[in-house]
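Q: I'd like to ask you about the structure that follows.
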Amino acid sequence: MPKSHYPSNYVLPFLRPTWAEIDLGAFRHNFREIKRKLRKSVSLLPVVKADGYGHGMEEIARASLSCGARLLGVANIEEGIFLRKRRITAPILILGSVYPLSNFTYILRYNLSPIICSLQASQELSKIARRRKKKVKVHIKVDTGMGRIGISAENAANLVKKVIQLPGIIVEGIFTHLAAADSDYQFTMEQIGKFQSVINELKRDNINIKYRHAANSTAILRYSDAHFNLARPGISLYGLIPFEGAEREIDLKPVMQLKTKIVFIKRVKKGTSISYGRTWKANRDSIIGTLPIGYADGYNRLLSNRAEVLICGKRVPLVGRVCMDMCMVDVTSLPNVKVGEEVVLIGSQGKEKITADEIAKLTGTITYEVVCGISKRVPRIYL
Ligand SMILES: *Cc1c(COP(=O)(O)O)cnc(C)c1O
């Protein structure tokens, strides 16, 4: 187990040998690789929401800024306040909508940048900004087909023209979000086209907005038309491919590994059942190891009897149901293995590796959910 400072997400002493290793060197490598896919004039807004996709928001934010990120993206005001309390002074864009509108006072107090999707919201923000004699930078969110939040592409230019008149507000950015960059070429090109028309319409009226952005990780790799002058990578920064086959286009290194140690070993007779519901029974005399990690740590219960883990550089199967705080592995193929042996649940050991993608496929989800689902109970250790 690596020795390191206590991670920022953890207040308890680090006693149980279960941890997530976060390789900030790999993160910086991914940042540079992503930057190489973009023209020099395109800046990065790393998306650090959801505790940096489970990697630790403060540490990821600092690593991003040290790599030259201009702005940081978070999901809600609380995440923005968290970064401010950790003395991060860089511009922070709140990607989600603000509700209720009275929460704009926190935007002002903590010098955050909200997105704006309606005239009503911008008027309320202007009022609060004037009262505090401050200026707030906003990004206009245009809905070109995601169907989530944003002003429709038809009405976007009009909204911008009204918002730029409001005292206390600076329209620093305009952006949209792509719904199917990994699966629908035509629809994505239509979205990009709609966004471009809004920008063109504004340009005709001599309105040039500083930041124009549309690209998530997939669009950074696949749609250079979506690059504009700012890109918003999330998953790729964490070293996870945003779509099948992306590994041929960019060299990404996974940033997170999930590890534990065997805390108990026993020999069992053929026919012995293991864990809740007796879903697994030994079909030979077996050696069973117990791991101090379970679904409360974000190791999904759907992995019961399906996942494998790495011990001594070899794959061994998880047996029986994953419990809340523990799970069991069949180490009969490793007769010399002892209590204290390191176990890799996500990551590599020797020549073998288990990717977040493998875990995602076994549980019917995507890598995003696997990494941001590793719970707060698991300390993050920074390398
Ligand atoms: C989360 C998010 C991103 C990052 O997307 P990835 O697929 O992880 O690269 C970009 N933009 C917005 C608006 C987001 O909410």
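Q: Sort through E190, E249 and tell me the only one that's of a type in the set (D, E, K, R) and either within 15 Å of the ligand (Cβ to nearest atom) or touching a Pro at 6+ places or on another chain (Cβ under 6 Å) (or both).
A: Answer to the selection: E249.
Residues are listed down the side, and each one gets a yes or a no for (1) touching a Pro at 6+ places or on another chain (Cβ under 9 Å); (2) part of a strand (DSSP E or B); (3) modelled with pLDDT of 95 or more:
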site: P242; (1), (2), (3): yes, no, yes
site: K253; (1), (2), (3): no, no, yes
site: L258; (1), (2), (3): no, yes, yes
site: K266; (1), (2), (3): no, yes, yes
site: I287; (1), (2), (3): yes, yes, yes
site: I293; (1), (2), (3): no, no, yes
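Q: In addition: For segment 71-113, enumerate the residues that are within 16 Å of G52 (Cα to Cα), within 15 Å of the ligand (Cβ to nearest atom), part of a loop (DSSP other than H, G, I, E, B) and open to solvent by less than 50 Å² (accessible area, probe 1.4 Å).
A: L71, A75, L95, G96
Q: Looking at segment 155-166, can you tell me whether even one residue there is out of contact with any Leu (no Cβ under 7 Å at 6 or more places or on another chain), more than 19 Å from I366 (Cβ to Cβ), within 16 Å of the ligand (Cβ to nearest atom) and of a type outside the set (S, T, Y)?
A: Yes, segment 155-166 contains at least one residue that is out of contact with any Leu (no Cβ under 7 Å at 6 or more places or on another chain), more than 19 Å from I366 (Cβ to Cβ), within 16 Å of the ligand (Cβ to nearest atom) and of a type outside the set (S, T, Y).
Q: If A231 satisfies every condition in (1) within 12 Å of the ligand (Cβ to nearest atom); (2) assigned by TED's automatic domain parsing to the domain that holds S348 but one, which is the exception?
A: (2)
Q: Further question: Please go through (1) within 13 Å of the ligand (Cβ to nearest atom); (2) open to solvent by 10 Å² or more (accessible area, probe 1.4 Å); (3) more than 19 Å from L71 (Cβ to Cβ) for N216 and return the number of the only condition it doesn't satisfy.
A: (3)
Q: Return the residues of segment 77-94 that are touching a residue at least 60 places away in the same chain (Cβ under 8 Å) and touching a Gly at 6+ places or on another chain (Cβ under 8 Å); say none if nothing qualifies.
A: Across segment 77-94, the qualifying residue is only L93.
Q: Same structure, new question: Which condition number does E341 fail, the rest of (1) more than 25 Å from K376 (Cα to Cα); (2) open to solvent by 50 Å² or more (accessible area, probe 1.4 Å); (3) over 29 Å from the mean Cα position of the chain (by Cα) being met?
A: (1)
Q: Quick one: which residue in Y185, Y99 is at pLDDT 95 or above and more than 30 Å from E244 (Cβ to Cβ)?
A: Answer to the check: Y99.
Q: So, one more: Answer yes or no as to whether S197 is at negative phi, in a loop (DSSP other than H, G, I, E, B), open to solvent by 10 Å² or more (accessible area, probe 1.4 Å) and at pLDDT 95 or above.
A: Criteria not met by S197.
Q: In the list L65, L44, which residue meets the criterion of being open to solvent by less than 30 Å² (accessible area, probe 1.4 Å), within 28 Å of K137 (Cα to Cα) and either modelled with pLDDT of 95 or more or touching a strand residue (DSSP E or B) at 6+ places or on another chain (Cβ under 7 Å) (or both)?
A: Just one listed residue meets the conditions, L44.
The values are calculated or read from the model by the stated rules, or taken from the named source; none is laboratory data. The model shown is predicted, which means the values in this text are computed figures rather than measured ones. Positions of Cβ are generated from backbone atoms using ideal geometry, with glycine treated the same way; all protein chains shown enter the neighbour counts. Ligands, DNA and RNA are excluded from the accessible area calculation, which covers all protein heavy atoms including side chains. Shrake-Rupley method; radii C 1.70, N 1.55, O 1.52, S 1.80 Å.
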